[in-house]
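A.B. asks: This is the structure, below, for whatever I ask next.
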Amino acid sequence: MSSSLAPVLNQRDALANDLAEVIDQQVKAQSGLSGTAVKAAYAAANKFKPGVVVKATGAMLPDFLDALAPLWDSRPAGTPFGAHLAANEDAATEALLAVTDRQAESAPAPLAKAYKSLRGKAKGYVAQALVPVGDAIEPYAASAN
């Protein structure tokens, strides 16, 4: 990994836990029929493999950080990373979804099925999470550089 965010991996477990908490909060915030589907798929994934969110997030963290490094590098001085990700929503969501799409290709069947059932709406879900994701990453990146 040769990205500007690579030093963040020195705190991989803590950041993976923080990002898993962001995911938990985003899932809990969903409502309506699609929210019910998201919550059901998330519960199924967690039931199939407890701790899967933290573990998967930690495993994919190098790829996530590589994907977000160009946005970190282009962030104007004084701009919070979460706000910068939101301002570059299309690039940020596509970068993150490219990582999860690659992972879903080799995931166990129940997890891949849950992911595929949500993929159509995933861009919207990821876009909603950009600010808290960036806000979770920023303190680690700032302290590592």
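A.B. asks: Would you point out the residue of segment 50-82, among those that are without any contact (Cβ under 8 Å) to a residue 40 or more places away in the chain and hydroxyl-bearing (Ser, Thr, Tyr), that is nearest to ALA20 (Cα to Cα)?
C.D. replies: THR79
A.B. asks: Can you pull out the helices (runs of 4 or more DSSP H) entirely within segment 1-110 that have at least 2 residues that are at pLDDT 95 or above?
C.D. replies: On the way: elements: 12-28, 32-48, 52-73, 81-87, 89-105.
The qualifying helices (runs of 4 or more DSSP H) are 12-28, 52-73, 81-87, 89-105.
The values are calculated or read from the model by the stated rules, or taken from the named source; none is laboratory data. Bear in mind that the values here come from a model prediction, so they are computed numbers and not experimental data. Here Cβ is always computed from backbone atoms with ideal geometry, including for glycine, and neighbour counts include all displayed protein chains.
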